Every structure is written in structure tokens, then in C-alpha cells.
Amino acid sequence: MTKKRVLTGYRPTGRLTLGHWFGNLMNMRELQEQFEAYYFVADWHALTSDWQDTHAIRQYTEEMVLDWVAAGIDPAKSTIYRQSDVPEVAELTMYLSMVTPMPWLERVPSYKEQREQISEKDLGNVGFFLYPLLQAADITIVRGDVVPVGEDQLPHLELTREIVRRFNNQYGELLPEPASLIAREGARVPGTDGRKMSKSYGNAIYLSESEDETAAKVMGMVTDPARKLKTDPGNPDICPLQQIHKLIGDGSETAEWDRCCRVAECGCVAHKRKLVEDLNAYLRDFRARRAELAGEPGYAWEVLADGAAKVRPAVEELMADVRRAMHVDAEG
Ligand code: TRP
């Protein structure tokens, strides 16, 4: 029996954080064992919103590949490629645009929200409007069966399914309808200020930062804001320190911190020191591996070149079918 295909992509936005680690990377690492996995860097998607400032895209692409591989996304198991290395994705976007009514794109929630909320970038371009259509092409070009995504991406997946149905209605049953896979619960990682960890909030702990950088950030973390003095009892349930500690441990350690915090027996500074130690220990293997890979010149680009070659047969097969069905191939 052939394995089902899982596909997911991420815009290259730079070094990955502890939020990505628990939110995506662990999931991607597990999925590559059960599925034929396609993981790609969505550099064209990055262009749709950042077309006025593209200088960092190449470097961010490289950083992301290094983070992926160091985190255990194995290039021998998964096909790791760059969207722009598969130009047929643009061709398929063109074909899918024929069966997509404009209102379907206009009503995508992320489109409306981001146009309203993001004022520092010009999102009035056609490229940004086509974002979800490009995503539909990413998924269908490898006949992706399953797409692991966060909740915010569900409307994009629903749109992909609608486009696929309309395409299949018109040209014959060629494309599979992809299913979404929501990452397991509890993957929300708080940042150093207690809000969701995010690069744009400036509250992120980067996987590849140094132990000293991590130490400085953890020592400056927010804890239960109501606990002013060490002699005040605290509430560990709302403490970001404790939440991160729970994610990296087996629970035996954090049960004691939970107890002693509630009765004001231990202080936040002591807990921070312990988290620095445990978090740095937790990331030590990743960081060593990451540094090793970064020390091999051109490593990430080799991974991407291999991935581009590996994805090619699936792409060519699908595109031949699509061109034939739409009568744009050389001979019928
Ligand atoms: N839109 C996704 C994001 O912003 C990135 C993405 C592009 C993607 N193409 C995809 C995700 C295809 C899953 C499948 O994170």
C-alpha cells in the first residue's frame, strides 16, 4: 500500500523559535514517519506581502532549512524543497485561477483582516490577493492528502477543497481533496512577556540562540504578575515560566515548583535559574547539530537542490494530467 502524502509549507521569516518547536516541528517530525512528507519553504508567499523588501528572503530560507534539519526533519525521509524551485506551481496557480470566482478570494478572512490591520505594508497587489490560490496550487501539485495547519489556515484549506471540487467537476476527477490536520492541543507556547510567542512581539526564544541569550531572556521573564514579593503565594497556572517548564519536562520537576509557588516557599528567581539550566540542556543537542550544519558551506542549498529533484516526478505527473485535461498539452 502506498503511503498517503502530507504537505506543509512555511514562509521564510528567519530563525525559528521555541513556539515553532512545539507548534510545528515536533509534529512535522512525527508525520514524516507515517506519511510521504513534502515540506517546503514558501518563498513566493513571502513575496506576496514583502515585495517591497525582499533582501532577507534568501537568508531566511537558509536559516529555516538548517532549523528543520537540526530539529530532526530528515532530508532522507522528507522531501524538503523551495517553492520557487518548482516553477510549475505558478503554472498550476494560473490554471486554478480559471475555475476560481473572484468573490471566493475576496471573502477569505485572512485577506480582509490583513488588508485592514497591516498598514506598514502595501497589500493592494494582485500577488497578495492570489495568496490562497497559490497555496491551493502548492497542495495540489503533489496531490497532497493531508495538510497539518494551525486554525488560522483552515479557511485556506477549505478554499482549496472548493477549488479542487470545481476543477474536478469541469475537467474530470484529477485532484484529491486535501484533509486538514490540526496540531495537537497544548501547543501554545508563551513568550517571555506571557503573550503567545511570536517574533513580531519581540518575546521569542530562538532555538539557535546562545545559552547566554536564553539565560538573559528567561531571567527577564514575566511570572504571575500578582506575586509581588517572594512571601506572596503565586499562581503557577498563569505563569509563563511554568508553562514552558512543563513543555520541556516530564512533569515530576514542575509538580514541585507548582507546590512551592502556591505556598510561597520558593521564589521566581530560583525557578528562573532552574529553567535556564533545563531549557539550555533541552536544546543542547539541537544547537550542536545546528552549528555543525551551519558550518558546512552550502549545506542548506544542497538539501533544497536534492528536494527539488525529488519532488520533480510527482510534479511532472500531475502537470501532465492537468495540461491534458485542459487541452493545453502538445497532443491530446
Ligand atoms: N499560508 C501558510 C502560512 O502562512 C504557508 C503555506 C503556503 C502553506 N502554502 C502552503 C501551508 C500549503 C500549508 C500548505 O503559514
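The values are calculated or read from the model by the stated rules, or taken from the named source; none is laboratory data. For clarity, every value in this text was computed on a predicted model and none was experimentally measured. In this analysis, Cβ positions are derived from the backbone assuming ideal geometry, glycine residues included, and neighbour counts consider all displayed protein chains. Just the protein is used for accessible areas: all its heavy atoms, side chains included, with ligands, DNA and RNA removed. Shrake-Rupley method; radii C 1.70, N 1.55, O 1.52, S 1.80 Å.
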Partnerless cysteines (no other Cys beta carbon under 4.7 Å) identified across the chain are CYS239, CYS261, CYS268
The chain, dipole about Cα centre (Lys/Arg Cβ +1, Asp/Glu Cβ -1), debye to the nearest 20
700
Spacing of the two label points (7 Å from each Cα toward its C-beta) at ALA309 and ASP285, in nm:
3.0
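What is the antiparallel percent of DSSP beta bridges lying wholly in the chain, to the nearest 5? Working shown, then result.
On the way: 2 of 17 bridges.
Just about 10 percent of them are antiparallel.
Quick one: accessible area per residue over the chain, 1.4 Å probe, rounded to a whole number of Å²? Kindly include the intermediate steps, with their values, before the conclusion.
On the way: 16260 Å² over 332 residues.
For the chain, the solvent-accessible area averages 49 Å² per residue.
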Carbon plus sulfur fraction of accessible area for the stretch 209-292, probe 1.4 Å, in percent
55
Could you check the spin-label model distance between TYR201 and GLU253? Points 7 Å from the Cα along Cα→Cβ, value in nm.
2.3
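Quick one: ranking TYR201, TYR206 by accessible area, 1.4 Å probe, largest first, what do you get? Please report the intermediate quantities before stating the final value.
Numbers: TYR201 110, TYR206 40 Å².
Largest accessible area first, the residues go TYR201, TYR206.
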Of all the Cα-Cα pairs you can form in the chain, what percent are over 24 Å apart?
60
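Can you tell me the FRET efficiency between ASP329 and LYS3 if r is taken as the Cβ-Cβ distance and R0 is 22 Å, rounded to the nearest 0.05?
Details: r = 29 Å, r/R0 = 1.31.
Efficiency for this residue pair is about 0.15.
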Find me the longest stretch of the chain that has none of the exposed trypsin sites (Lys or Arg not before Pro), where exposed means in a DSSP loop (not H, G, I, E or B) with at most 16 other Cβ atoms within 10 Å.
231-332
How much accessible surface does SER252 have with a 1.4 Å probe, in Å² rounded to 10?
80
The simple spin-label model distance between GLU277 and GLU296, using points 7 Å out along Cα→Cβ, in nm, is 3.5
Using θ = phi - 60° and the Karplus relation 6.51 cos²θ - 1.76 cosθ + 1.60, list the HN-Hα couplings for the stretch 138-153 in order, rounded to whole Hz, with x at every Gly or Pro.
3, 6, 6, 5, 9, 6, x, 8, 10, 10, x, 9, x, 3, 4, 8
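Semi-axes of the stretch 209-292's equivalent ellipsoid from the Cα gyration tensor, sqrt of 5 times each eigenvalue, largest first, rounded to whole Å? Intermediate values should be presented prior to the final figure.
Working: eigenvalues 130, 35, 16 Å².
Those come to 26, 13, 9 Å.
Under the 0.36 nm per residue contour assumption, what length would be gained going from the current alpha-carbon distance of HIS55 and ALA226 to full extension? Write out the running numbers ahead of the final one.
On the way: separation 171, 0.36 × 171 = 61.56 nm, distance 4.39 nm.
Here the answer is 57.2 nm.
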